[in-house]
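What follows is a short report on a single structure.
The values are calculated or read from the model by the stated rules, or taken from the named source; none is laboratory data. None of the values given here were measured: they were computed from a predicted structure. Ideal geometry is used to build each Cβ from the backbone, glycine not excepted, and the neighbour counts take in all protein chains shown.
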Amino acid sequence: MNYQGTLETPVGPRVRIDGKEYDYFCGTSYYCLHGDRRIIEAACKAAEQYGLGPATSWDVPPLQEVEARAAAFFGTTHAHYFVTAYLGTFYLVTALQDEFDIIFVDTKSHYSVFDGIKGVGKPIVLFAHLDPDDLAQQLQKHLKAGQVPLVITDGVFPMTGAMAPLRDYQSILQKYDKYFLCVDDSHGVGVLGANGRGSCELHGVMGDSVYFCGTTSKAFGSFGGIIPGDTVLMGKIFRNVRVTLGASPPPVPAAAAAAMGIKILSEEPELRAMLARNVAYLRKKLQAIGLPIQNSPVPIIILYSLPSVDLAAVQRFLEEQGIMVRYIPPRGYSDAPDSDAIKITIFAQHTVEQLDRLVEVLSRAL
């Protein structure tokens, strides 16, 4: 990543970087919970009471609490909490490895998806980015009679904010006797859907063949990966994924913070409403100055392919005016476009004045 300085405050709509104050439109702390006093206090209390970790034992209340709260939040009977969401797709495909034959993956899926699917030793077929028609063609071309496909994709792509057409994918897969659809939904959980359960909830994609993993390090304001599911899935995880046996669990303070973050989003749905209003407002304002911005509930906006516009210079101008956005070089991340880009992240806590000022300064820079 093209980091632009040292952050000297908790993440929020206003931060200090290298001694200067900025309106902040970077990162993934969609509700600014990483700096919420309740989360910080939960982490500190857990560290004082239980230490940093249980030395491989899971019998520590904060670790149990985060899984219980996650299961309740996502409407499942169980949830598994683990040290990093980067391992989420590895957990899923390894847990299911005895039940499918070929993996089909979006070409611009996150690095963690590609790293995660390598370890199971199954054939891997790429399909075009966000393209259900190409997925259907690849399935028809590569899947033999009786074979079971596993399709895997990001739910929300991290640089562009594009949403995978999950309903279309499931419709295609339902033509087969058995299939699996797995979603890395790190940017969707806590944000999308009527209850904040993520991309699968938003698109109405569900069933025994649909699985997703997420993170507590973005919307929930802490650290660690999460996989909601039933008793059967948990059994497959603990039977097939040796990380659960060979690695220590997440630090106890992180677990306590994650549990508190889930509790806050469970009990304060107005946070999701605030974020949705800000997302809709900023998209409308950017459209009003002529930018090709689509309507979407995702709090990620990308500017790219603007003729005769030096986006690196635009980012520098915004920074000079006290506004921090992220410049992305061509192909600078897993789903970044071939041209350079600017990524804007929207928080629930951004004020209308901040959003208006961003649009005004941006219009002068373009």
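Remarks
- Selection over the range 322-359 of residues that are surrounded by fewer than 17 Cβ atoms within 10 Å (Cβ to Cβ) and not hydrophobic (A, V, I, L, M, F, W, C) gives a count of 11.
- Inspection of the range 269-291 identifies no residue that is in contact with a His (Cβ under 9 Å, 6 or more places away or on another chain), assigned to a strand (DSSP E or B) and farther than 18 Å from residue 56 by Cα.
- Taken as a whole, the structure places residue 269 among residues that are in contact (Cβ under 8 Å) with a residue 60 or more places away in the chain and either out of contact with any Lys or Arg (no Cβ under 8 Å at 6 or more places or on another chain) or of a type outside the set (Phe, Trp, Tyr) (or both).
- Residue 210 vs. criteria in the same structural domain as residue 167 (by TED's automatic domain parsing), touching a residue at least 24 places away in the same chain (Cβ under 8 Å) and surrounded by fewer than 24 Cβ atoms within 10 Å (Cβ to Cβ): yes
- For the range 224-242, the criterion of being more than 22 Å from residue 182 (Cα to Cα), in contact (Cβ under 8 Å) with a residue 60 or more places away in the chain and crowded, with 19+ Cβ neighbours inside 10 Å is satisfied by no residue at all.
- Cβ-Cβ under 8 Å pairs, at least 6 apart or on other chains, the range 347-366 side assigned by TED's automatic domain parsing to the domain that holds residue 22 and in contact (Cβ under 8 Å) with a residue 12 or more places away in the chain, far side buried (at least 20 other Cβ atoms within 10 Å of the Cβ) and of a type in the set (S, T, N, Q): 347/29; 347/278; 348/278; 350/278; 355/278
- Counting residues in the range 273-295 that are buried (at least 20 other Cβ atoms within 10 Å of the Cβ), in contact (Cβ under 8 Å) with a residue 24 or more places away in the chain and touching a Gly at 6+ places or on another chain (Cβ under 6 Å) gives zero.
- When the range 300-320 is limited to residues that are surrounded by 17 or more Cβ atoms within 10 Å (Cβ to Cβ) and of a type outside the set (A, V, I, L, M), the one that is farthest from residue 24 (Cα to Cα) turns out to be 304.
- In the range 40-51 there is at least one residue matching the filter, namely being in the same structural domain as residue 62 (by TED's automatic domain parsing), surrounded by fewer than 18 Cβ atoms within 10 Å (Cβ to Cβ) and assigned to a loop (DSSP other than H, G, I, E, B).
- Restricting the range 69-111 to residues that are among the acidic types (Asp, Glu) and part of a loop (DSSP other than H, G, I, E, B) leaves a set whose member that is farthest from residue 180 (Cα to Cα) is 98.
- Breaking point among (1) of a type in the set (D, E, K, R); (2) surrounded by 20 or more Cβ atoms within 10 Å (Cβ to Cβ); (3) in contact with a helix residue (DSSP H, G or I) (Cβ under 7 Å, 6 or more places away or on another chain), for residue 67: (3)
- Taking the range 119-150 as the range and being in a helix (DSSP H, G or I) and exposed (fewer than 13 other Cβ atoms within 10 Å of the Cβ) as the test, the residues that pass are 133, 140, 141.
- Qualifying residue in the range 162-176 (condition: in the same structural domain as residue 226 (by TED's automatic domain parsing), touching a Lys or Arg at 6+ places or on another chain (Cβ under 9 Å) and under 30 Å from residue 266 (Cα atoms)): yes
- Considered as a group, the residues in the range 292-312 that are in a loop (DSSP other than H, G, I, E, B), in contact with a helix residue (DSSP H, G or I) (Cβ under 8 Å, 6 or more places away or on another chain) and of a type outside the set (A, V, I, L, M, F, W, C) include one that is nearest to residue 344 (Cα to Cα), and that residue is 299.
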